[in-house]
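First up is the structure itself, then whatever we jot down about it.
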Amino acid sequence: MARSNSHAVTGPSLRSRGTSSSRWAAVLAACFLFSCFAAAGAAEYQDRFVWIFGWGLSRDTDVDEINRVLQSAAESGCNGAVVSFGLDSLCKRSPDYFRRLEAVQETCRRLHLELIPAVFSVGYGGGILAHNRYLAEGLPVRDALFVARGDCAVLEPDSPVEVANGGFEEFAGNRFRGYNFHDQPGEVSFADTQVFHGGKASLRMENFGSNPHGHGRVMQEVPVHPYRCYRVTCWVKTEQLMPRGAFRIQVLAGERALAPLEFGLPETADWTKCTFIFNSLQFDRVRLYAGVWGGRGGRFWLDDWSIEEIGPLNVLRRPGTPVTVKSEDGTVYEEGKDYLPLEDPAYSPYRVDREVPALRLTETGRIRPGQRLRVSWYHSQKIHDSQITVCMGEPELYEIFDHEAALLAQYLRPKKVLLNMDEIRMGGTCEACRGRDMAELLGTCVRRQVESLRRHNPGVEVYIWSDMFDPHQNAHGDYYLVEGDFTGSWKHVPQDVIMAVWGGTPRPQSLKFFADQGFRTLIACYYDANDLTDVRGWMREARDLPGIRGLMYTPWTKRYDLLPEFGRLISDPLAH
């Protein structure tokens, strides 16, 4: 049940005055208790929201499609629409964008739907990076060896690095030289001399059902230098490979995944080049994997697998990511005097298969031809298919939050806002945040976001995705590429924020945790399922808990066909 104030039943009208009075007292008491119970049940669904995702207001047709969803939401009994339209970069928007935004606002007003902006993502930093792309969290490269040649200094790795037998040319039967293992030679993995990208052979994998886990993998352990940036390339061909996107390449060191990426290869595709970068962090050996985990059918080929240490690709330039250039005897050189500003003119974390910028030297500087240098910098890192995390320790971030909070109040003045503070998968690695208590830093970031929102829009109610404050989800140590621990983050956020507990399958432990911590919660459920079985499960788990504000229909693939049924389901909270 929702948190509510207790009511004392007092007064002479309810005192016992014989049989008739007792009957009336019983009737009145029953009516009163029923009204309290009904009110508590209704409060449980005070919030009946729909998540509007997948449109950016870049086209007029976006408005038409959004309005159809809003109409369905209103007819289904929803009272709020949570929207993600890039509303945290309003200063970058065109007049056409604001015209379309006003059209959506007008629809919400007509349908009596509250328009609730979702803003200020750190984990998915697109809105912030539109202001300054260098606010991405940085991974450190330390003391990489460069040698001055002419007007540039170029990287010369301290020690060579390679994938042994990366062309899969050396094999005996179906066993390849140089690899720590490949799954079930002659049964799952095969040497193929008929289909290959380069040379005269490739590795083919199929028959995944013969492996108890559906695996078809190959792995080689490769020595690396700590805190260096490496680029991995391989060529892959697929044929009816299932499930879709099953092929993966991983870089593991200790218990860490250093390159948590997705490649999204089609089920059937001709030879495709897969290229990515990773930072070795503190490790001197990594395990390179390629293959499928849980494969269900089809086959793939792998060929021409390579690794190389690279220079300052996607180098970041901000106070927390300094560049240092020094001689091997420790002399520190000065940017602008001894070498030109080190920048990547083609900067893009999404494009890493390209030329790496050189360190350009000045004509009058102290660096001499042939001199060996040690160069340090920080680079950005993509996670999964597109995620770039922002540094929470850089002061400029909070200037942007405040500036955009003012614009949000000017253009929308919402009564409610959702903070997109989910899945923060990097942090603690650049000079602005290294060594910080990550749980406290995250809490401070949220507190300052809330302060900015309320400075420009007093009284606004703030919701937040819950995962980074949930020890049963992401509030812990060893989380992706984060150096530090998010345990205890929930202790550092304002107590009046409303936790949007999200997911497909119900998580009763998460609901109970936030109830025990005194937070109110919104259940963000559904997640593109074929039916509402999980939604019913969430409702059952929430029934007896305090602080439940309501539910949000939360699709991620524009699947709104079950929204009317969702509305009917939550219209009677006590029936499920």
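For CYS152, nonlocal amide neighbours, meaning residues 5 or more places apart or on other chains whose placed amide H falls under 5 Å from its own, are LEU361.
For the range 479-550 versus the range 60-80, the spacing of their alpha-carbon centroids is 26 Å.
Solvent-accessible surface of the chain, averaged per residue with a 1.4 angstrom probe and all protein chains in place: 43 square angstrom. Partner lysines whose Cα lies under 17 Å from the Cα of LYS491, excluding those fewer than 8 positions away in the same chain, are identified as LYS512. Amide H to amide H distances under 5 Å link TYR378 with VAL141, LEU316, where only residues 5 or more positions off or on other chains count and H is placed in the peptide plane.
A cut-off of 5 Å between modelled amide H atoms, ignoring neighbours fewer than 5 places along the same chain, links ASP47 with GLY550, LEU551. When nucleic acids and ligands are ignored and a 1.4 Å probe is applied, TYR479 ends up with an accessible area of around 10 Å². Scalar couplings 3J(HN,Hα) for the range 207-224, obtained by applying the Karplus form with A = 6.51, B = -1.76, C = 1.60 to θ = phi - 60°, are 6, 5, x, 7, 9, x, 10, x, 7, x, 10, 10, 9, 9, 8, 10, x, 9 Hz; x denotes Gly and Pro.
Recomputing P(r) over Cα pairs in 10 Å bins from 0, in percent from the coordinates shown identifies the correct label among (1) 4, 18, 26, 25, 18, 8, 1, 0; (2) 3, 12, 15, 15, 12, 10, 10, 9, 7, 5, 3, 0, 0; (3) 3, 14, 21, 22, 19, 12, 5, 2, 1, 1, 0 as (3). Any number yet on Rg/Rh for the range 383-522, C-alpha, Kirkwood? Using Cα coordinates only, the ratio equals 0.96. Cut-off under 20 Å on the C-alpha distance; same-chain residues fewer than 8 positions from LYS416 excluded. Which aspartates and glutamates are left, in chain and number order? Straight-line reach from LYS416, under 20 Å: GLU44, ASP47, ASP88, GLU102, GLU106, GLU114, ASP402, GLU404, GLU451, GLU461, ASP467, ASP496. Compared with the dominant Cα axis of the chain, that is its longest principal axis, helix 95-111 is turned about 30°. With helices as the sole contributors, the chain gives -7000 deg cm²/dmol at 222 nm; each DSSP H run of n ≥ 4 counts as -39500 (n - 2.57), and the sum is divided by every residue. Its residue count N fixes a reference of 2.2 N^0.38 Å for the range 203-354, and the Cα radius of gyration divided by that reference is 1.28.
Take each peptide in 66-77, 116-127, 374-385, count the other Cβ atoms within 10 Å of every residue, and average; sorted highest first, the result is 116-127, 374-385, 66-77. Positive end of the dipole of the range 129-181 (Cβ unit charges, origin at the Cα centre): among LEU145, PRO157, LEU129, the Cα lying farthest that way belongs to LEU129.
Of all lysines in the structure, those lying under 16 Å Cα to Cα from LYS200, and not within fewer than 8 positions of it along the same chain, are LYS237. Protein heavy-atom surface of the chain, 1.4 angstrom probe: 49% of the accessible area is carbon and sulfur, with nucleic acids and ligands not counted.
Couplings 3J(HN,Hα) of the range 565-572, computed from phi: 5, 4, x, 5, 4, 7, 6, 10 Hz, in residue order, whole Hz [Karplus 6.51 cos²θ - 1.76 cosθ + 1.60, θ = phi - 60°; x for Gly and Pro].
The values are calculated or read from the model by the stated rules, or taken from the named source; none is laboratory data. On a predicted model such as this, the values are computed, not experimentally measured, just so you know. Because the Cβ atoms are built from the backbone with ideal geometry, glycine has one as well, and the counts that use them run over all protein chains shown. SASA here: full protein model, heavy atoms, side chains in, ligands and nucleic acids out. Shrake-Rupley method; radii C 1.70, N 1.55, O 1.52, S 1.80 Å.
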